[in-house]
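Read the structure below first, then the notes.
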Amino acid sequence: MKLYFFPNACSLAPHIVLRELALPFELVQVNNQAKTFADGEDFLQINPKGYVAALQLDNGQVLTEASAILQYLADLKPAANLAPANGSWERVRLQEWLNFIASEIHGGLAIFFNGAIQGEVRAMFLATLYKRFAILVQTLEGQDYLLGARYSVADAYLFVVLRWAGFHDIDLQQWPALAAFQQRVGERQDVIEALAAEAA
Ligand SMILES: N[C@@H](CCC(=O)N[C@@H](CS)C(=O)NCC(=O)O)C(=O)O
């Protein structure tokens, strides 16, 4: 498999999970501005959506959307328990979290990468984001991970997008449960290795 990535982008979540599952994979860096690879080839030929993450399977199929990629990977090694079994109620809960992260937290933090978001507009988006953070805090004050005691692909995804808070001058220490979650997930060996690989 090939994972098309950009350092620190949402592609870090499947990158972490590929390592946690000890699956063989190749990392291919994308120039996310030019939509090209280092050799100048066109990334849009791989993913016409023009964004990471994209996972190319050995049969050539390309899967996009972090939530779908994460579940696909988890299901390759069900024994690792990074996702509850398909068809179970717990799996639906996982999907509920993945969708919440994608639309509310990923989307809610990514908006600030747009330098035009300043002043009152920034304050408006922050207010909405902080309401979503309150939901995370309510959950993570009482348990270590989104699904309870057990780490799942949703936690990898949440960890990756919450890291962006620091890029936007949002101090997660304001929410001790979120800061503690980041520390907990950030201490996982495969997370440390994925971060180091993307920084290389
Ligand atoms: N809907 C996609 C969004 C992916 C996304 O936002 N990718 C960002 C990096 S985190 C990106 O590559 N943006 C570049 C662009 O949109 O041009 C998903 O959930 O995976």
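The values are calculated or read from the model by the stated rules, or taken from the named source; none is laboratory data. Computed from a predicted model, the values in this text were never measured in an experiment. Heads up, the Cβs are rebuilt from the backbone with ideal geometry, glycines too, and the neighbour counts pull from every protein chain shown. Heads up: the accessible areas ignore ligands, DNA and RNA and are worked out on the full protein's heavy atoms, side chains in. Shrake-Rupley method; radii C 1.70, N 1.55, O 1.52, S 1.80 Å.
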If a residue has to be open to solvent by 40 Å² or more (accessible area, probe 1.4 Å), in contact (Cβ under 8 Å) with a residue 12 or more places away in the chain and assigned to a loop (DSSP other than H, G, I, E, B) to count, how many in the range 47-64 make the cut? 3
Residue among GLU104, GLU90, GLU120 that is out of contact with any Pro (no Cβ under 9 Å at 6 or more places or on another chain), surrounded by 12 or more Cβ atoms within 10 Å (Cβ to Cβ) and over 16 Å from ILE16 (Cβ atoms): GLU104
Of all residues in the range 164-176, how many are touching a residue at least 12 places away in the same chain (Cβ under 8 Å), under 19 Å from the mean Cα position of the chain (by Cα) and open to solvent by less than 70 Å² (accessible area, probe 1.4 Å)? 4
Among the candidates LEU109, LEU70, LEU98, residue that is assigned to a helix (DSSP H, G or I) and touching a Ser or Thr at 6+ places or on another chain (Cβ under 8 Å): LEU98
The number of residues in the range 57-84 that are small (Gly, Ala, Ser) and either within 16 Å of the ligand (Cβ to nearest atom) or touching a strand residue (DSSP E or B) at 6+ places or on another chain (Cβ under 7 Å) (or both) is 4
I need the full set of residues from the range 73-82 which are surrounded by 22 or more Cβ atoms within 10 Å (Cβ to Cβ) and out of contact with any Ser or Thr (no Cβ under 6 Å at 6 or more places or on another chain), in order please. LEU73, ALA74
Would you mind stating whether THR128 is of a type in the set (Val, Ile, Thr), over 28 Å from TYR72 (Cα atoms) and not assigned by TED's automatic domain parsing to the domain that holds LEU23? yes
Condition check for ALA38: over 23 Å from GLN174 (Cβ atoms) and part of a helix (DSSP H, G or I): no
Just to be sure before I move on: is ILE117 of a type in the set (Val, Ile, Thr), outside any helix (DSSP H, G or I) and either more than 22 Å from LEU76 (Cα to Cα) or not assigned by TED's automatic domain parsing to the domain that holds ALA177 (or both) in the structure I sent? yes
In the range 140-168, how many residues are assigned to a loop (DSSP other than H, G, I, E, B) and within 16 Å of the ligand (Cβ to nearest atom)? 2
Test LYS77 against the criterion of being free of Cβ contacts under 8 Å to residues at least 24 places away in the same chain and among the charged types (D, E, K, R), and give yes or no. no
List every residue pair whose Cβ atoms sit under 8 Å apart, with the two residues 6 or more apart in sequence or on different chains, where the first one lies in the range 80-92 and is under 15 Å from ARG150 (Cα atoms) and the second, anywhere, is of a type in the set (Phe, Trp, Tyr) and modelled with pLDDT of 95 or more. LEU82/TYR151
Step by step: first the residues of the range 1-25, then only those that are assigned to a loop (DSSP other than H, G, I, E, B) and more than 16 Å from the ligand (Cβ to nearest atom), then the one that is nearest to the chain's Cα centre (by Cα). Which residue is that? LEU21
If I go through the range 32-91 residue by residue, how many of them are more than 17 Å from PRO14 (Cβ to Cβ) and touching an Asp or Glu at 6+ places or on another chain (Cβ under 8 Å)? 4
